[in-house]
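The values are calculated or read from the model by the stated rules, or taken from the named source; none is laboratory data. This structure is a prediction, so every number in the text was calculated from the model and none was measured. Cβ sites come from the backbone with ideal geometry, for glycine too, and all protein chains shown count toward neighbours.
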Amino acid sequence: MRKQTLALSLALALPAAALLANDLLDPALLTRPPVDSWPTHHGDYSGRRFSPLKQIDAANVKNLSLAWVYRANTSQAGAVVGGEGPDTPPGGGGMAMFGGLQIKSTPLLVNGVLYFTAPDHVWAVDARTGRELWHYYWRTKGGIHIGNRGVGMYGNWLYFLTPDNYFVSLEAATGKERWHHEIASVRREYFSTAAPIVVRNHVILGVGGDSLDVPGWLESRDPVTGEVQWKWYTTPRKGEPGAESWPDEYSAAHGGGMPWLPGTYDPETNLYYFGTGNPNPVLAGQSRAGDNLYTCSIVALDVDTGKKAWHYQATPHDTHDWDAAQVPILIDGEIGGKPRKLIAQANRNGHFFLLDRTNGRHILTEPMVETLNWHQGLNRNGQPVWNPAKDASVPGTLVMPTTDGVTNWPPPSFSPDTGLFYVGTVESASVFYLTDTDPRPQGWGAAERRVASLNSSLKAIDYRTGKVRWSRPLARHGGGAAGGPMGLLSTAGGLLFGNDGGGNFVAYDAATGQPLWRAGLATNTTNGPQTFLLDGRQYVVVGAGDSLYAFSLQ
Amino acid sequence: MRLTSATSAAAVLAAALHAHAQHPPVPPPAPPEQRPAAPANAPVRVGGGERPLFDPAAVERGREILVARCGFCHGTNGRGGAGGSDLTRSPIVQEDEGGRQLGAFLKVGRPEKSMPKFDLPDQEVADLATFLHATIHAVSNRRDYQILDIVVGDPKAGAAFFQGAGGCAGCHSAERDLKGVGAKYEPVALQQRMLLPRGGPRPGAPRRGFSPYTDPNAVKATVALAEGPVTGALVRLTDFDVTLYDPAAEQMRSFLRKDGQPAVTLSDPLQAHVDLLRRWTDKDMHDVTAYLVSLK
């Protein structure tokens, strides 16, 4: 009930242009749990990736069957073509470097059409039939084509980012380009992967790229013109609070902190919540003594002004590439019998964090695995204490986990029905070799050699205690553990959709972790699964490699 | 044009670096197995070293120009010095294409910040730009970072750990299987094999070259069947199936599973190595590395 009231007040505050009756997307949808649409990256602003749908449930999921498959079409022929690059893509950095095309975006579903992306590509696909409606092809100037998280939508318009850092808007009905703006320089090794998040008349974007000690920022742009509304640097400028956590202005201005994943939003606090990236230089910390604010932090910004309300740093003075970009999920829950507005994150550094999202105050920190060997316990604010002995060294430092961390970008899920936070994890080890012994190192400053992937599991964490309620081992092969971090979706049908690390798309019992159904896709799912009701039928849609699969009860 | 192609090649390599920063489960195509480590000042090469990415002569000329004309303020490696900024982090340099923007800047300088103008011939500007771009490329291309001398441990302490606390002598001997091992592998590869001798270490990526069909150290699986157990190298185990390779029969066997049946028991021939991963101190690791390196 409260949510609907919120939606109404939000709608009243909207500019008139967004309220035209023939708009494809009613912005009020973004504030409600998704039912017959999936109008924003996480389904709604909360980041829970929980669906109230229960047509598919634990009892009938065994009858879930393939509705259609869409294999990504990357041909320029027949596509709407845009972009500033040459006819033939410049050599290198392309998707072939990253195992070929991988659908890492969570499709939006609006009025029966799915909108999703891969680097340089946007597709509109009929959700009933799986047939392509249009394909937009971006001619790239280059950049790192590692992945793209998807589109944002406002009225009749779509927004996405390209590896060469263009902010592009399309007409949703046709794929025709409205305009594009360059937001960062590809020559400085910036690259963009985030899905834009639309909040009222703000389109919120973050940049990526940590090869060259460049500054990171989050910015808001106007949905009509694409012009900048505000810009927030993830490290303090001269004289700003937090500057004391760096040796000097110069190191802070070259301190990285890329907010490369989409965040979450609470209309009541009017705060946008997101995680910042790792500091630069990445693995060699000798030129950046201090905590290095606001890298590796969960940050809350006023969505209208871009002013910081609070921050919580999950890894002070990170030296292992463990950014805090993972989705911070909003939970309306109870702690000690009192209702609380909470925010939870399963962090790449191996810990689960729970905070008060109105003020950023720490509530609890718990390790998600037992093999972390890199810190000296937690301080009284629940932050892992930096252990200099576990920094990269010339003769090698054995660190658990690897730079990939215990978990990573694939979106986790929270079910209000079970009270469980679901996340895919891996336990691993690497040796970190310091290669740049200069007092002013650059770039990464150290080399990593991976030793082992020991265990991988799907975990369900009780948000009130941070303790693991159940943990299900994932696939193994002759060399060790397979899989780990994965996109997840929980539903009111008592289901949790994810993968098993072994190429199966799986429906687990959300309460117990027992696998109830699987589809052998031969490759692990590569995005966050999503679900919606269309013509009275519940679909579950997931990407695995270059294909999008839709399932429904037959 | 040369610098344009250099930039795109830089993107290739930089891309490789980021593959794992963001997405662990997908190993990209591997770089050449044993890329020769380049000296810090060597021209950067790509594709296994067939073709220099930056003209080595131009890089060297550029370095000399930097030392002679810029080094006093910007340091002899360009990373900054007495009052001068770090040129390799300069947006003007990073955005530069073939010396065009750099040359235009040098003609004017930045007098308000005591940066005088320099009237360099176009060729010298191009060489200077080549040196700076090669330096920047070496920074952004972390796969080619050169690991330094890792043999700093105490071989005697390493031998003691090997014989004692490490439990290595339970399976290994310097006189038998490890005889001459220090001559067989480079120190980094030796250290990696010491930690877990399965597959080959690969920079910044899961180990490559591992195959359950050929690696004697593959995890073994035993599947409990009514007609008797079947054992082989584990290819894949999930809740829904198990696949293994039976080397005696030279054949693959796969079985569907449901509710944990048929039961599968795993056995890792490297369990002692896996257990030790949780126990190594870095000093022990360096000492045993030094000990193994000494077994020439």
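Tabulated values for the structure
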item	result
Pair list, Cβ under 9 Å, 6 or more apart: the range A:240-264 residue more than 14 Å from chain B (Cβ to nearest Cβ), other residue in a helix (DSSP H, G or I) and crowded, with 24+ Cβ neighbours inside 10 Å	A:GLU240/A:ALA252; A:GLY242/A:ALA252; A:ALA243/A:ALA252; A:SER245/A:ALA252; A:TRP246/A:ALA252
Positions within the range A:472-492 being more than 8 Å from chain B (Cβ to nearest Cβ), surrounded by fewer than 24 Cβ atoms within 10 Å (Cβ to Cβ) and assigned to a loop (DSSP other than H, G, I, E, B), in sequence order	A:ALA492
Number of positions in the range A:175-224 that are within 13 Å of another protein chain (Cβ to nearest Cβ) and of a type in the set (Lys, Arg)	2
Any hit, the range A:451-460, residues being in contact with a strand residue (DSSP E or B) (Cβ under 6 Å, 6 or more places away or on another chain), at pLDDT 95 or above, more than 15 Å from A:GLU370 (Cα to Cα) and more than 9 Å from chain B (Cβ to nearest Cβ)	yes
Output for the range B:280-296, where each listed residue is in contact (Cβ under 8 Å) with a residue 12 or more places away in the chain, outside any helix (DSSP H, G or I) and at the interface with chain A (Cβ under 10 Å from one of its Cβ atoms)	B:TRP280
Test for A:LEU364: is it touching a helix residue (DSSP H, G or I) at 6+ places or on another chain (Cβ under 8 Å), in a strand (DSSP E or B) and under 28 Å from A:GLY285 (Cα atoms)	no
Selection from the range B:164-191 of residues that are more than 9 Å from chain A (Cβ to nearest Cβ), surrounded by 15 or more Cβ atoms within 10 Å (Cβ to Cβ) and without any contact (Cβ under 8 Å) to a residue 60 or more places away in the chain	B:HIS172, B:TYR185
Given (1) under 19 Å from the mean Cα position of the chain (by Cα); (2) closer than 24 Å to A:PHE551 by Cβ, number of the condition A:LYS459 does not satisfy	(2)
Residue among B:GLY166, B:GLY153, B:GLY158 that is part of a helix (DSSP H, G or I), out of contact with any Cys (no Cβ under 8 Å at 6 or more places or on another chain) and farther than 27 Å from A:GLY209 by Cβ	B:GLY158
Selection count where residues are within 9 Å of chain A (Cβ to nearest Cβ), in contact (Cβ under 8 Å) with a residue 12 or more places away in the chain and more than 23 Å from A:TYR190 (Cβ to Cβ), scope the range B:128-148	2
Matching option when the condition is surrounded by fewer than 18 Cβ atoms within 10 Å (Cβ to Cβ) and among the β-branched types (Val, Ile, Thr), among B:THR135, B:THR214, B:THR130	B:THR214
So B:VAL93, is it at negative phi, hydrophobic (A, V, I, L, M, F, W, C) and within 14 Å of another protein chain (Cβ to nearest Cβ)	yes
Single unsatisfied condition, A:SER75 versus (1) under 22 Å from the mean Cα position of the chain (by Cα); (2) at negative phi	(1)
Those strands (runs of 3 or more DSSP E) lying entirely in the range A:92-183 with at least 2 residues surrounded by fewer than 19 Cβ atoms within 10 Å (Cβ to Cβ)	A:132-138, A:177-182
Residue that is over 30 Å from A:PHE50 (Cβ atoms), within 14 Å of chain B (Cβ to nearest Cβ) and charged (D, E, K, R), where the choices are A:ASP87, A:ASP120	A:ASP120
Residue list for the range A:496-538, filter: away from chain B (no Cβ under 14 Å), surrounded by fewer than 24 Cβ atoms within 10 Å (Cβ to Cβ) and part of a strand (DSSP E or B)	A:LEU533, A:LEU534, A:ARG537, A:GLN538
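So that you can scan it fast, the table gives a plain yes or no per residue for (1) in contact with a Lys or Arg (Cβ under 6 Å, 6 or more places away or on another chain); (2) assigned to a helix (DSSP H, G or I):
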{"residue": "B:ARG61", "(1), (2)": "no, yes"}
{"residue": "B:ALA68", "(1), (2)": "no, yes"}
{"residue": "B:ALA82", "(1), (2)": "no, no"}
{"residue": "B:GLN94", "(1), (2)": "yes, yes"}
{"residue": "B:GLU97", "(1), (2)": "no, no"}
{"residue": "B:GLU124", "(1), (2)": "no, yes"}
{"residue": "B:THR130", "(1), (2)": "no, yes"}
{"residue": "B:ALA134", "(1), (2)": "no, yes"}
